[in-house]
Amino acid sequence: MKPILLIAPLALLVACSPKAQVEPAVTASDAWCRPAVAGAPAVGCYVTLDSAADDRLVAAQSPAGERVEIHTMTMDGGVMRMRQLEDGLPLPAGETTALKPGAEHLMLIGPTSGLDEGGEVTLTLNFEKAPPATVTAQIRSAPHAMEH
Ligand SMILES: [Cu+2]
């Protein structure tokens, strides 16, 4: 019994030691937006985020629209509805968070010019802790993986 009793407090000590500090940093990749059809009030934009530390996407801006909102899709009585995430989108440490059609996405409200198929727009993403990330989003109708 004695050796086991000695090992247990040691294991507790290891478990309680502080984790190595991870610098908050978010990598944004694979950004794309849907083309704006004439008169469309908004278009969806999508991006893949990799966060080193626990963080949160809190805001986004683009020169190609009046404002950018963070949305999610929820089922409501069999109907998919969009809802703004007022508190932003959590980004768990070390995980990949993909904003994609049918799930979390960015909504570019009041799209201006330059949102034609094949074009590009700039998105700036703001995080709770990590420095802002600016990405170039390709304008296309569907993600590459869904074109086949
Ligand atoms: Cu939306």
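The values are calculated or read from the model by the stated rules, or taken from the named source; none is laboratory data. All values reported here derive from a predicted model rather than from experimental measurement. Cβ: placed from backbone, ideal geometry, glycine included. Neighbour counts: every protein chain shown. Keep in mind that these areas ignore ligands, DNA and RNA; they rest on the heavy atoms of the full protein, side chains included. Shrake-Rupley method; radii C 1.70, N 1.55, O 1.52, S 1.80 Å.
Taking all protein chains as present, what is the carbon and sulfur share of the accessible area of the range 22-142, in % to the nearest whole number, probe 1.4 Å?
On the way: 3010 of 6020 Å².
Carbon with sulfur: 50 percent of the solvent-accessible area.
With a Cα-only, solvent-free Debye model of the range 22-142, what are the log10 I(q)/I(0) values at q = 0.23 Å⁻¹?
Each listed q corresponds, in turn, to -1.33.
Calculate the spin-label point distance for residue 58 paired with residue 86, positioning each point 7 Å from the Cα along the beta-carbon direction, and give it in nanometres.
1.6
Under a Cβ-Cβ cut-off of 15 Å, what is the net charge of the residues other than residue 102 that fall near it, where Lys and Arg count +1 and Asp and Glu count -1?
Numbers: positive: 34, 81, 83, 100; negative: 76, 104.
It works out to a net charge of +2.
Using 0.36 nm per residue, how much length does the chain from residue 66 to residue 21 gain when fully extended, once their Cα-Cα distance is taken away?
Numbers: separation 45, 0.36 × 45 = 16.20 nm, distance 3.75 nm.
Here the segment from residue 66 to residue 21 would lengthen by 12.4 nm.
Take residue 124 and residue 95, extend 7 Å from each Cα along the Cα→Cβ direction, and tell me the distance between the two endpoints in nm.
2.9
Counting only other residues whose beta carbon sits under 9 Å from that of residue 56, what net charge do I get with K and R as +1, D and E as -1?
Working: positive: 129; negative: 54, 55, 87, 128.
Net of charged neighbours comes to -3.
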